[in-house]
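Okay, structure first, notes after.
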Amino acid sequence: MNAEFDVIVIGGGNAALNAALSAREAGANVLVLERAQREKRGGNSAFTGGGFRMVHHGTEDIRAVVPDLTEEEIARTDFGQYTAEDYLDDLGRVTQYYIDPDLAETLVRSSTDTVRWMQTQGVRFEPRWGRQAFNVNGRFKFFGGVVVAAKGGGRGLVDYLYKSAEQRGVQVRYGVRARALMRGADGIEGVRALTGGREEVIGARAVVLACGGFEANREMRTRYLGPGWDMAKVRGTRYNTGDGISMALDVGAQSYGQWSGCHSVQWERYAPDFGDLDARTSSQRHSYPFGIVVNAEGRRFVDEGADFRNYTYAKYGRIVLQQPGSFAWQIFDQQVAYLLREDYRLRGATKVQADTFEELVARMEDVHPGQFLETVRTFNAAVKRDVAFNPNIKDGKGTTGLALDKSNWANPIEKPPFEAYSVGCGITFTFGGIKIDTATHVLDVEDAPIPGLHAAGELVGGLYYFNYPGSAGLMGGAVFGRIAGREAARHALQDAVAAA
Ligand SMILES: Cc1cc2nc3c(=O)[nH]c(=O)nc-3n(C[C@H](O)[C@H](O)[C@H](O)COP(=O)(O)OP(=O)(O)OC[C@H]3O[C@@H](n4cnc5c(N)ncnc54)[C@H](O)[C@@H]3O)c2cc1C
């Protein structure tokens, strides 16, 4: 086949754009195929808060990534530190030690350097005060391992990356859906793609797959995640339908990771089927560590304060899906209402409010009233009232003696008006995918690299099982995307020399 490009990158989110920039930096001519039209570009990456989980050792490392940090901001912030060992421990613990250790090491050890490299590619970062650090007595303390986010959140990140790609001469085609990989005697030779109804084949010396998981494919969700997943809401893009995984399997790639697992969260119960980048509402419901969550039977079913939100939110969506009717209610009182994220205040929240629990449960309509009243009564009676509440640390203010205790941030729910928010399950991305090595070669079923094929981002399996530490997704996409671009360029340029 005639190689029109050195490298084709399939996908248009964070992993893809970092791959494209890296391949370009290595001297390749690069084409990006993005399935979405320009105004919907950026995949799930555009929907994110832009958080990057990177290793840091305190203020100086943060200042290096955020050069415009002021002395006043530094004075009122405790950035803490997040060592490589902390990061590896977190990845191991939340994935029940199933994570591929080589991929984990690569992600962790390259994290800081990759964020610094992204700066050289034009991405700007800022500390995530508010979401990742609460203001307690005038001082912010970062918890949960995440400090920096791209300026402007996910939209900002994607805009920086596309602007940089365009300035550096990467070609981008929108509205093009890759459908198949062309494999010849010596490896990958190109991509078959659909633009509108028209099919074409584009030749390339190497291909990077970075087109997301299968979370937006109802049929694959039900097939691999199990019954009930057809009903989950998709938090982000509608375009991640598993194409990249299927294309790779078709040319002999090895399936890898937890195909029955996914990242899913408590999400507005009546949210639309897919995310909408321009929506003026928000379906996020991440403040549950400060209240209780009950199901249709009026019972609590998770330890809301088991850990910081970053370490529990990605597994609680599945547990809500498994409840009777696949819904739940989050309950708060006025002692903690000030801690609720702004998402709760926006239009579109399914919310009821009342001055008594009897009225509240009547307004919820679908929760067992007697059991609900009993749940609140026993919860309040079990709270350790002599322990001080502090949202910035695991404060140990729990309950004692309940069949399911709450471990931290357990305030008695007693100051009206009481607020209840209804949630369902929102799926973020799937964990299963294809196998790569640490140089991002896609491996076949005998663990041999498929020549000319690389992958990065959420279609790679082996990183997450059961759970996920918040903001590792963008970081992993950037780390492996950068490597994939560089390695694909190396392969392509060697191939070009050999062919000459
Ligand atoms: C609401 C929300 C908030 C989140 N917040 C964070 C956060 O703050 N920090 C964090 O680390 N993670 C966050 N995540 C997770 C994060 O979005 C993912 O980990 C990350 O964006 C995945 O990047 P990716 O490049 O692999 O995939 P994506 O960004 O989803 O990109 C996939 C791309 O492939 C394209 N595509 C799909 N099929 C084809 C095809 N056949 N041909 C061509 N193109 C195709 C899509 O259009 C898209 O551009 C969040 C996710 C959501 C939904």
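General remarks:
- For the range 393-422 and the range 172-238, distance of Cα centres in Å: 44 Å
- Amide proton proximity set for Ala354, modelled H, under 5 Å, gap of 5+: Phe418
- From phi via Karplus (6.51, -1.76, 1.60), per-residue ³J(HN,Hα) for the range 217-232 in Hz, x at Gly/Pro: 10, 4, 5, 5, 4, 5, 5, 9, 7, x, x, x, 6, 4, 8, 5
- The range 249-325: proportion of alpha-carbon pairs further apart than 14 angstrom, %: 70 percent
- Remark on His368: its backbone amide H falls under 5 Å from those of Glu297, Gly298, a criterion applied only to residues 5 or more positions apart or on other chains, H modelled at 1.01 Å from N.
- Global geometry of the range 69-144, whether rounded, prolate or oblate, following the gyration tensor of its Cα atoms and the 1.5 cut on a/c: oblate
- In degrees, nearest ten, helix 369-382 long axis to first principal axis of the chain (Cα): 90 degrees
- The fraction of accessible area contributed by carbon and sulfur in the chain is 47 percent, rounded to a whole number (1.4 Å probe; ligands and nucleic acids excluded).
- Computed from the Cβ-Cβ distance with R0 of 25 Å, the FRET efficiency linking Lys351 to Leu277 stands at 0.55.
- The mean accessible area for residues of the chain, using a 1.4 Å probe and ignoring ligands and nucleic acids, is 38 Å² per residue.
- Pro101 sits among other residues whose Cβ lies under 15 Å from its own Cβ, and their net charge, with Lys and Arg +1 and Asp and Glu -1, is -4.
- Rh (Kirkwood; distinct C-alpha pairs) - the range 282-358, Å: 13.3 Å
- Qualifying GluC sites (Glu not before Pro) in the range 401-500, DSSP loop, other Cβ atoms within 10 Å at most 14: Glu414, Glu446
- Charge tally around Ala20: other residues with Cβ under 14 Å, Lys/Arg +1 each, Asp/Glu -1 each, net +2.
- Computed from phi, the 3J(HN,Hα) profile of the range 8-20 under the Karplus parametrisation 6.51, -1.76, 1.60 (θ = phi - 60°) reads 9, 9, 9, x, x, x, 4, 5, 5, 5, 5, 5, 5 Hz, with x in place of Gly and Pro.
- Sparse-neighbourhood loop sites, trypsin sites (Lys or Arg not before Pro) in the range 189-235 - DSSP loop, at most 12 other Cβ within 10 angstrom: none
- Electrostatic bookkeeping for Glu215 treats Lys and Arg as +1 and Asp and Glu as -1; over the other residues with beta carbon under 9 Å from its beta carbon, the sum is +1.
- Taking the C-alpha atoms only, the angle from helix 472-499 to the longest principal axis of the chain is near 0 degrees.
- Pairwise centroid distance, computed over Cα atoms, of the range 445-467 with the range 90-133, Å: 18 Å
- Under 5 Å between amide hydrogens, built in the peptide plane, is the criterion, and for Phe134 it picks out Lys141 among residues at least 5 positions away or on other chains.
The values are calculated or read from the model by the stated rules, or taken from the named source; none is laboratory data. Remember, predicted model here, so these are calculated numbers, not experimental data. Quick reminder, even Gly has a Cβ in these numbers, built from the backbone with ideal geometry, and neighbours come from all protein chains shown. In case anyone asks, the SASA skips ligands and DNA or RNA and just uses the protein heavy atoms, side chains included. Shrake-Rupley method; radii C 1.70, N 1.55, O 1.52, S 1.80 Å.
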